[in-house]
1. Relative contact order, percent, of the chain when contacts are C-alpha pairs under 8 Å separated by at least 6 residues?
2. Could you sort 97-105, 10-18, 22-30 so that the peptide with the highest average Cβ count within 10 Å comes first and the rest follow in order?
3. Can you work out the accessible area per residue across segment 127-185, with the rest of the protein chains kept in place, probe 1.4 Å, in square angstrom?
4. Using R₀ = 35 Å, calculate the FRET efficiency as 1/(1 + (r/R₀)^6) where r is the Cβ-Cβ separation of residue 88 and residue 8; round to 0.05.
5. Quick one: pull the percent of accessible area on the chain belonging to carbon and sulfur, 1.4 Å probe, ligands and nucleic acids left out.
6. Using a 1.4 Å probe, what is the accessible area per residue for segment 1-77, in Å²?
7. For the chain, set up a Gaussian network in which alpha carbons nearer than 10 Å are linked by springs, and say which option among 96, 78, 169 fluctuates the most.
8. Could you sort the peptides 125-136, 140-151 by per-residue average Cβ neighbour count (10 Å cutoff), highest mean leading?
Amino acid sequence: RGELRPGWDTKRTPLEGDAVWSSLRLADGSVLLGSDVGGSIYRVTGDTSKKLVTVPGAIAIVSLAQTTDGSVWAGAMPGTKLWKIDVATGKPTAGPLLKDVETIWSLATAGNTIYAGTGPSGKLFSITGGTAKEIFDTDDKRITALAVTSDGAVWMGTSERALVFRYDPKDGKTRAMADFSGNEV
């Protein structure tokens, strides 16, 4: 329409480390940031940041998600299990083990079900009630992006071949939706 509108004001909030790999906005307006400072999660509120938790054995927190019951979940690099993060106390609790996984690259939720996209063999897991189940194997190296749409479908983007898949939990079927010319979605 040819209109120009003012955007948000931006400001710099200092953090330790070199990179932020993931973020999650909480209901109170604060933001959790997964960093490369020994697998730490920072909580940013207004102009201040504070280290909330460090996940044992992690180099970086590369994925964050929240289920409808309010639980916060983190995926780490390297990491073979999900971590439940108690935001009030800053305590991480190891969740279910995901078999044949080195990193949990992406997380998305539908209600209290968590979907985890992993590497190095591009598998999609569904986690409900503390039980992890492999539901799709992409033949690609990593599932780097996940989103759940309003119809309950799980969309995933992969790395090395830049494919997009759609998984339908109602019938358990997955189909390829797009093949991009790059190497990562």
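1. Numbers: 490 pairs, mean separation 19.3, N = 185.
Relative contact order, the chain: 10 percent.
2. Working: 97-105: 18.8, 10-18: 9.9, 22-30: 13.7.
The densest-packed peptide leads the list: 97-105, 22-30, 10-18.
3. Numbers: 3430 Å² over 59 residues.
Computed with neighbouring chains in place, this is 58 Å² per residue.
4. The value I calculate is 0.75.
5. Values: 5120 of 10210 Å².
Solvent-exposed carbon and sulfur of the chain make up 50 percent of the total.
6. Value returned for segment 1-77: 63 Å² of accessible area per residue.
7. So, out of 96, 78, 169, the one fluctuating most is 169.
8. On the way: 125-136: 14.9, 140-151: 17.7.
So the order, starting with the most tightly packed, is 140-151, 125-136.
The values are calculated or read from the model by the stated rules, or taken from the named source; none is laboratory data. Bear in mind that the values here come from a model prediction, so they are computed numbers and not experimental data. Virtual Cβ from ideal backbone geometry, glycine too; neighbours counted across all protein chains shown. Just so you know, the surface numbers come from the protein's heavy atoms only, side chains and all, with ligands and any DNA or RNA stripped out. Shrake-Rupley method; radii C 1.70, N 1.55, O 1.52, S 1.80 Å.
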